[in-house]
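A.B. asks: Structure in structure tokens, see below.
The values are calculated or read from the model by the stated rules, or taken from the named source; none is laboratory data. Since we're looking at a predicted model, the values are computed, not measured. Please note: Cβ atoms are built from the backbone with ideal geometry, for glycine as well, and neighbour counts cover all protein chains shown.
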There are 2 protein chains.
Amino acid sequence: MGTEGTRPVTLQSIADQLGLHVSTVSRVLNAKRGESGRAASPATVERIRRLADELGYQPNPHATSLRTRRSNLVGVLVPRLSDIVLATIYEGIEEAAAEQGLSTFVTNTGDAPEAQRARTRMVIGRRVDGMIFGDAHADSHFLDEVAGRGVPFVLVNRRAGKHPSVTCDDYLGGRLVAEHLLALGHDNVAVIAGEPYASTGQDRTNGFVDRYREAGIDVPGRRIVHSPFDAAGGHAAAERLLDDGARPSAIFAVNDFAAIGTIGALRDRGIRAGSDVAIVGFNDTPLAAELPLPLTTIRSPMHEMGRRGIQMLARLLAGEPVEPELLRPRLIVRASSDPALYAQLGLVTEAARPRE
Amino acid sequence: MGTEGTRPVTLQSIADQLGLHVSTVSRVLNAKRGESGRAASPATVERIRRLADELGYQPNPHATSLRTRRSNLVGVLVPRLSDIVLATIYEGIEEAAAEQGLSTFVTNTGDAPEAQRARTRMVIGRRVDGMIFGDAHADSHFLDEVAGRGVPFVLVNRRAGKHPSVTCDDYLGGRLVAEHLLALGHDNVAVIAGEPYASTGQDRTNGFVDRYREAGIDVPGRRIVHSPFDAAGGHAAAERLLDDGARPSAIFAVNDFAAIGTIGALRDRGIRAGSDVAIVGFNDTPLAAELPLPLTTIRSPMHEMGRRGIQMLARLLAGEPVEPELLRPRLIVRASSDPALYAQLGLVTEAARPRE
DNA sequence: CGATGCTACCCAAACGATTGGCCCAAACGT
DNA sequence: ACGTTTGGGCCAATCGTTTGGGTAGCATCG
């Protein structure tokens with residue numbers, strides 16, 4: 001199907017073959033299946049449609065965008081696509097964008113303000129209709145500038161200021177973790193809090209600390225260390241934590257990868273994660289359940305966040321008003337924090353051995 | 001900087017303000033810094049340039065593409081972006097594309113032939129200059145069709161037929177793993193071989209099996225099980241493997257995530273990965289080193305693969321001839337297979353405890 | 001002094017699609 | 001019989017750039 005190598009079929013070429021004017025063809029092909037009555041006679045409509053999909057006609061998006069001043073393109077900025085959290089969110093974005101007739105493209109900023117500016121400029125240069133930021137910095141005024149430029153956008157994963165956003169209820173997530181650890185009797189806890197400028201880390205930490213405070217327990221500042229959202233970052237942060245003062249009985253890492261890095265750091269010091277120190281992560285990435293030490297974590301609706309993000313943007317583009325959305329997190333208890341499950345893990349090991 | 005909300009600046013608007021013709025402005029702005037002599041007088045050149053970047057002029061890519069019939073756009077297909085291997089490759093692609101003045105966008109196919117067709121059609125509809133496939137199926141003729149359509153493309157990660165590709169030397173990688181396990185005395189081994197249609201899994205498995213055969217050891221067919229390239233897939237495959245026949249002393253999973261899933265499956269059966277069964281993965285993803293049980297694996301140059309892929313495509317677009325590229329893998333030995341390291345892991349645990 | 005060659009620009013035709021008008025013929029109303 | 005609809009299309013401008021050709025004015029040359 002479709003001619004090969006040669007020039008793509010255009011409205012003009014269809015019109016010529018049918019002895020019609022290009023505008024007629026355009027109207028017919030653009031009419032929704034139902035309301036093609038205005039455009040041409042039923043017979044003509046049929047001829048046009050038949051030839052168009054026989055030739056595999058696809059409108060030239062550059063021509064369309066040029067003429068209509070609408071690209072149906074959305075640019076997405078993320079810190080790193082190789083972070084599975086952002087990759088999953090982007091999958092949601094792309095999936096739902098297609099349903100809305102929008103195209104998307106994504107680019108890394110590494111969370112660096114300079115790169116955010118440069119990439120945003122590049123994205124706008126591509127004449128997008130809107131943007132989605134997955135790398136918002138809570139403290140920066142950059143987004144206000146973008147808003148001033150008149151580019152519609154939505155924030156996902158992280159919120160900032162009053163800009164429209166779709167996020168997980170991170171504060172609640174932090175509280176859920178605190179409740180879980182309180183119930184297990186932990187009164188000496190620490191937090192690996194992520195990057196200081198990310199609302200995710202801030203909110204999760206605040207929820208956690210607030211809930212502990214409500215229980216009459218203070219989590220001192222030096223028990224809260226910041227770190228990049230990856231395994232290496234979690235590893236380094238855990239080392240700083242352990243170098244400084246008595247060992248906590250539980251560590252809440254605001255990100256699964258940071259949690260894995262924490263486990264690595266503990267392992268290197270001969271401390272057994274799960275029994276000596278309880279570990280809780282955040283996000284419930286697909287690995288959490290498969291780890292040698294299954295990880296207690298908060299399940300956040302990453303894919304859904306992406307979907308809602310683009311839907312919100314679509315509403316924005318349609319001129320409708322939007323409200324920030326907060327998605328519900330859920331605690332998933334596994335062996336890394338639960339003594340019973342941990343023991344069971346050990347017991348199974350012993351019990352199963354004779355089976356062979 | 002730049003006016004806000006209003007219509008973007010065009011060549012026309014610049015020309016008007018300067019009392020020049022749009023074509024003059026176009027030529028000046030398109031000339032490389034050196035050779036602007038032909039276009040206009042030095043004074044005029046200066047005036048144009050100054051005004052252009054004072055107004056923050058950015059050419060309208062739709063107009064440019066429409067006129068030049070070149071979009072400088074590259075479409076990338078991957079099985080899943082939330083697979084860190086593909087995400088990392090794509091990061092390399094995007095990075096190097098920017099250096100070449102190319103833009104890229106990526107889309108998931110889930111490795112499903114139907115989706116591959118549909119997405120390819122969509123990508124071509126966006127009038128890309130070329131494509132990169134990260135999801136090639138070795139057995140399919142689909143790529144031949146695409147080639148017949150005259151769309152230039154390059155394969156990354158997986159190869160297929162004689163199409164230009166940039167891959168890791170997976171066969172060699174498989175041999176390296178075999179050599180490592182042979183040296184450790186394993187003669188009862190199994191392979192979790194990935195998807196049957198992926199050259200990565202095929203080559204890694206073949207290299208492994210061939211090397212074993214050279215050592216006089218046959219790896220029987222039922223010791224080779226296929227699986228998706230993720231943790232859940234590895235888990236399921238490992239279960240099938242364990243359900244059927246005697247336990248191997250070592251398992252080679254052709255992907256780190258499958259290896260992690262394998263560890264999970266072993267754990268569930270009370271078998272200790274690393275001591276009861278040696279485990280080797282592939283790719284050396286950032287987690288491999290941080291796992292509670294550090295994972296022996298093959299480091300593959302994922303980022304570089306992406307970079308080379310786009311560079312090869314650029315050469316193709318320039319009409320230059322290209323040769324398939326094979327990148328060198330490297331064995332990284334960790335505790336999951338090395339008894340000494342494993343013991344050390346355990347020893348550290350015991351030794352360190354008094355330290356507290 | 002006419003031919004030639006620069007220099008420094010301008011002209012206009014694309015590229016492919018959209019869209020507000022316009023127009024002709026047949027049908028209709030009275 | 002004649003004005004009015006209306007069905008069915010056609011016209012042409014337009015979006016912003018690029019690019020193959022001019023061309024006017026001046027200097028140079030033989």
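A.B. asks: Tell me yes or no: at least one residue of the stretch B:223-233 is closer than 17 Å to B:His186 by Cα and either in a helix (DSSP H, G or I) or modelled with pLDDT of 95 or more (or both).
C.D. replies: Yes: one or more hits.
A.B. asks: Same structure, new question: Would you point out which residue out of A:Thr262, A:Thr285 is in contact (Cβ under 8 Å) with a residue 40 or more places away in the chain, farther than 21 Å from A:Gly134 by Cα, within 14 Å of chain B (Cβ to nearest Cβ) and surrounded by 24 or more Cβ atoms within 10 Å (Cβ to Cβ)?
C.D. replies: Testing whether each residue is in contact (Cβ under 8 Å) with a residue 40 or more places away in the chain, farther than 21 Å from A:Gly134 by Cα, within 14 Å of chain B (Cβ to nearest Cβ) and surrounded by 24 or more Cβ atoms within 10 Å (Cβ to Cβ) leaves just A:Thr262.
A.B. asks: In the stretch A:309-324, which residues are buried (at least 19 other Cβ atoms within 10 Å of the Cβ) and either in contact with a Gly (Cβ under 8 Å, 6 or more places away or on another chain) or among the β-branched types (Val, Ile, Thr) (or both)?
C.D. replies: If the condition is that a residue be buried (at least 19 other Cβ atoms within 10 Å of the Cβ) and either in contact with a Gly (Cβ under 8 Å, 6 or more places away or on another chain) or among the β-branched types (Val, Ile, Thr) (or both), then A:Gly309, A:Ile310, A:Leu313 are the ones that fit.
A.B. asks: Next up: Looking at the stretch A:72-93, which of its residues are farther than 17 Å from B:Val74 by Cα and of a type outside the set (Val, Ile, Thr)?
C.D. replies: A:Asn72, A:Leu77, A:Pro79, A:Arg80, A:Leu81, A:Ser82, A:Asp83, A:Leu86, A:Ala87, A:Tyr90, A:Glu91, A:Gly92 - these are the residues of the stretch A:72-93 that are farther than 17 Å from B:Val74 by Cα and of a type outside the set (Val, Ile, Thr).
A.B. asks: Condition test on B:Ala340, is it part of a helix (DSSP H, G or I), surrounded by 22 or more Cβ atoms within 10 Å (Cβ to Cβ) and not acidic (Asp, Glu)?
C.D. replies: No: the conditions fail for B:Ala340.
A.B. asks: Ok, one more. Here is a list of conditions, (1) touching a residue at least 40 places away in the same chain (Cβ under 8 Å); (2) surrounded by 20 or more Cβ atoms within 10 Å (Cβ to Cβ); (3) more than 16 Å from DNA strand C (Cβ to nearest atom), and A:Gln100 meets all of them except one; can you say which number that is?
C.D. replies: Going through (1) touching a residue at least 40 places away in the same chain (Cβ under 8 Å); (2) surrounded by 20 or more Cβ atoms within 10 Å (Cβ to Cβ); (3) more than 16 Å from DNA strand C (Cβ to nearest atom) one by one, A:Gln100 breaks only (2).
A.B. asks: With the checklist (1) facing chain A (nearest Cβ under 9 Å); (2) free of Cβ contacts under 8 Å to residues at least 40 places away in the same chain; (3) under 30 Å from B:Gly201 (Cβ atoms) in hand, flag the one item B:Ile124 doesn't pass.
C.D. replies: Evaluating B:Ile124 over (1) facing chain A (nearest Cβ under 9 Å); (2) free of Cβ contacts under 8 Å to residues at least 40 places away in the same chain; (3) under 30 Å from B:Gly201 (Cβ atoms) leaves (2) as the failure.
A.B. asks: Across the stretch A:133-173, which residue is nearest to A:Leu73 (Cα to Cα) among those that are within 14 Å of chain B (Cβ to nearest Cβ) and among the hydrophobic types (A, V, I, L, M, F, W, C)?
C.D. replies: Only one residue fits best here, namely A:Val151.
A.B. asks: Pick out the one residue from A:Ala115, A:Ala40 that is in contact with a Ser or Thr (Cβ under 7 Å, 6 or more places away or on another chain) and either more than 12 Å from every other protein chain (Cβ to nearest Cβ) or not in a helix (DSSP H, G or I) (or both).
C.D. replies: Result of the check over A:Ala115, A:Ala40: A:Ala40.
A.B. asks: Condition first: surrounded by fewer than 17 Cβ atoms within 10 Å (Cβ to Cβ), within 43 Å of the chain's Cα centre (by Cα) and either small (Gly, Ala, Ser) or within 8 Å of DNA strand D (Cβ to nearest atom) (or both). Now tell me which residues in the stretch B:27-57 satisfy that.
C.D. replies: Listed by number, the residues that qualify are B:Arg27, B:Asn30, B:Ala31, B:Gly34, B:Gly56.
A.B. asks: Might you let me know whether the stretch A:73-96 holds any residue that is within 16 Å of DNA strand D (Cβ to nearest atom) and surrounded by 15 or more Cβ atoms within 10 Å (Cβ to Cβ)?
C.D. replies: yes
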